[in-house]
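**Student:** My questions all concern the structure below.
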Amino acid sequence: MQIVYIFAVMTPFTLYVVDDESSITEGIRLALEADYGIRTFADAESALSAIRATPPDLILLDIGLPGISGLDALAEIKKVHPTLPVIMITAYEDVDSVVTAMKQGAYDYIVKPLHMDGLEVTIQNALDSVRLRKEVHLLQARYLEENLPCFIGESRAILDVMEFIETVAKSPDTPILLVGETGTGKELLASSIHYRSPNFKGPLATVNCAAIPRDLIESELFGYEKGAFSGARPSGKKGLIEEAGGGTLFLDEVGDLSLEAQAKMLRFLEEGEFYRVGGTKKLQVATRLVSATNKDIDQMVERNEFRRDLYFRLGVIKVHIPSLNERQDDILLLAKHFLSLFNEKFNRNFTAIASDAEKALLKHKWTGNVRELKNLVERAVLTGRGPELSTRDLGLFDRQSDPYSHTAAGSATLPTITEAGVDITEIEKAMERYYLEEALRIAGGNESKAARLLNLNHHTYRYRRKKLLKS
């Protein structure tokens with residue numbers, strides 16, 4: 001099955017016009033019906049009923065309506081559809097009502113008598129963010145139509161990988177080794193394999209071998225019996241292999257397995273059996289093993305750091321995941337996806353990515369791959385001013401010539417505290433994530449060097465980075 005990204009021809013945006021003056025509603029209809037799907041309502045009650053059944057893309061809502069007022073209707077709309085843009089209409093500049101409407105989430109307001117040129121500009125600006133969401137929803141619908149994890153992208157490099165995965169995933173037990181740089185999406189691909197395999201109804205268990213101390217990895221994988229070691233649970237514990245029975249076990253960073261754990265894993269792969277730590281009872285479990293690494297396992301084998309026989313067993317099927325630099329056609333698609341994602345998360349209203357920022361994204365060398373792009377867009381959405389995501393927001397300007405680069409991570413663009421407040425925890429996470437990833441970029445992917453740039457030891461750097469990436 002070939003996965004192809006398609007931007008379908010957009011259906012016209014739908015606008016609901018709610019005003020008790022027929023001259024207003026009909027005037028707007030005549031002016032805009034060539035470009036938009038228009039429905040008109042004389043009162044809030046009928047409009048709210050229609051919105052519940054079929055929400056439009058934008059609403060023009062009169063403040064001074066009979067029955068339910070425009071302000072009360074706005075409150076009801078925002079309860080159900082918080083991101084739906086609503087432009088308020090008022091017969092005069094009633095400052096108090098306008099301020100109340102804006103606090104309740106109105107996008108903007110216009111004053112009667114209406115000037116169609118100005119109204120069209122306001123509508124187009126409001127619909128820019130809707131257009132972005134529609135593009136992303138179209139993208140997501142195409143890639144998630146089977147409710148299965150998948151890569152977002154249209155590049156030949158990633159399409160080839162997904163076509164191959166579609167074939168090899170059909171086996172319930174053949175081991176698969178995923179090889180690729182940090183941040184290329186190995187965990188997502190492992191999930192795709194699981195849900196496309198006959199084991200999809202079983203559990204998907206994941207372990208990061210690099211994040212668990214070597215003296216504990218065996219007990220995590222194989223479990224242990226009571227009294228197996230100091231601090232063991234009195235009742236013992238199932239290992240992840242047992243937890244993944246009938247499903248899939250994903251071993252991330254498999255190159256960090258100790259030689260002792262490698263020997264046990266080889267026995268399990270060859271015979272389908274193992275012993276818990278401290279146990280004498282032979283256990284058998286049927287599970288699919290998917291492994292991943294960003295290390296050169298061939299060199300590790302030559303240095304006797306990784307068992308050659310285990311390497312052959314893990315890599316019965318070997319899949320190379322292309323780096324983001326090999327997926328140029330996907331960079332802007334992913335950036336738009338992340339922009340929409342963090343717009344919603346941080347309640348921001350960026351409408352698009354500026355053209356110079358798009359060029360900078362395409363020119364950038366992605367040492368951290370998709371994860372770096374995601375973190376970059378997250379920080380830009382959190383700290384940028386908008387309405388478009390700029391090169392400066394992304395931090396992709398010329399660092400040597402731009403004095404802004406010497407300020408504290410762009411403190412000039414940190415979000416101001418509004419009446420709605422700000423989430424200081426999310427801001428702190430985004431800023432820390434930025435510096436951890438930026439140091440890694442400058443260090444050329446070398447974690448030890450990145451840690452030194454931040455005056456951290458290697459273990460602290462790795463722990464904080466992994467913790468933030470999972471949050």
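**Student:** Does residue 295 count as assigned by TED's automatic domain parsing to the domain that holds residue 188, under 22 Å from residue 216 (Cα atoms), in a loop (DSSP other than H, G, I, E, B) and touching a helix residue (DSSP H, G or I) at 6+ places or on another chain (Cβ under 7 Å)?
**Tutor:** Judged against the criteria, residue 295 is a match.
**Student:** Across the range 31-64, what is the number of residues that are part of a strand (DSSP E or B) and within 16 Å of residue 12 (Cβ to Cβ)?
**Tutor:** Residues flagged as part of a strand (DSSP E or B) and within 16 Å of residue 12 (Cβ to Cβ) within the range 31-64 amount to 7.
**Student:** Also, quick follow-up: Scan the range 70-122 for residues that are of a type outside the set (Gly, Ala, Ser) and farther than 23 Å from residue 346 by Cα and report the count.
**Tutor:** Qualifying residue count for the region: 24.
**Student:** Moving on. Out of the range 281-329, which residues are of a type outside the set (Ser, Thr, Tyr), in contact with a strand residue (DSSP E or B) (Cβ under 7 Å, 6 or more places away or on another chain) and closer than 21 Å to residue 372 by Cα?
**Tutor:** Scanning the range 281-329 gives 292, 320, 321.
**Student:** Could you tell me which numbered condition residue 328 fails, if it satisfies all but one of (1) crowded, with 20+ Cβ neighbours inside 10 Å; (2) polar (S, T, N, Q); (3) over 15 Å from the mean Cα position of the chain (by Cα)?
**Tutor:** With respect to (1) crowded, with 20+ Cβ neighbours inside 10 Å; (2) polar (S, T, N, Q); (3) over 15 Å from the mean Cα position of the chain (by Cα), residue 328 is out only on (1).
**Student:** Let me ask something else about it. When you go through 35, 57, 20 one by one, which is the residue that is surrounded by 14 or more Cβ atoms within 10 Å (Cβ to Cβ), at pLDDT below 95 and under 17 Å from residue 127 (Cα atoms)?
**Tutor:** Only one candidate passes the filter, namely 57.
**Student:** If you don't mind, another one. Exactly one of these conditions fails for residue 235: (1) surrounded by fewer than 16 Cβ atoms within 10 Å (Cβ to Cβ); (2) under 32 Å from the mean Cα position of the chain (by Cα). Give me its number.
**Tutor:** (2)
**Student:** Could you identify the single residue in 370, 301, 319 that is assigned to a strand (DSSP E or B) and more than 18 Å from residue 132 (Cα to Cα)?
**Tutor:** So the residue among 370, 301, 319 that is assigned to a strand (DSSP E or B) and more than 18 Å from residue 132 (Cα to Cα) is 319.
**Student:** Here's another thing I want to ask about it. For the range 73-102, which residues satisfy the criterion of being surrounded by 11 or more Cβ atoms within 10 Å (Cβ to Cβ) and charged (D, E, K, R)?
**Tutor:** Within the range 73-102, 76, 78, 94 qualify.
**Student:** On to the next question. Looking at (1) closer than 21 Å to residue 340 by Cβ; (2) in a loop (DSSP other than H, G, I, E, B), find the lone condition where residue 67 falls short.
**Tutor:** (1)
**Student:** Could you give me the residue pairs with C-beta distances under 7 Å whose first residue belongs to the range 301-312 and is closer than 12 Å to residue 259 by Cα, whose second residue is of a type in the set (Gly, Ala, Ser) and modelled with pLDDT under 95 wherever it lies, and which are 6+ apart or on separate chains?
**Tutor:** Correct list of pairs: 306/255.
**Student:** Now for a different question. Of these, 362, 373, which one is in contact (Cβ under 8 Å) with a residue 12 or more places away in the chain and either in contact with an Asp or Glu (Cβ under 7 Å, 6 or more places away or on another chain) or crowded, with 20+ Cβ neighbours inside 10 Å (or both)?
**Tutor:** One residue alone meets the criteria, 373.
**Student:** For the range 216-259, how many residues meet the condition of being outside any loop (DSSP other than H, G, I, E, B), touching a residue at least 24 places away in the same chain (Cβ under 8 Å) and within 30 Å of residue 180 (Cβ to Cβ)?
**Tutor:** Summing the residues that are outside any loop (DSSP other than H, G, I, E, B), touching a residue at least 24 places away in the same chain (Cβ under 8 Å) and within 30 Å of residue 180 (Cβ to Cβ) in the range 216-259 gives 18.
**Student:** Please enumerate the residues belonging to the range 70-118 that are within 19 Å of residue 52 (Cα to Cα), of a type in the set (A, V, I, L, M) and assigned to a helix (DSSP H, G or I).
**Tutor:** Within the range 70-118, 71, 73, 74, 75, 77, 80 qualify.
The values are calculated or read from the model by the stated rules, or taken from the named source; none is laboratory data. Keep in mind that this is a model prediction, so the values were computed, not measured. No Cβ is skipped: glycine too gets one built from the backbone with ideal geometry, and neighbour counts run over all protein chains shown.
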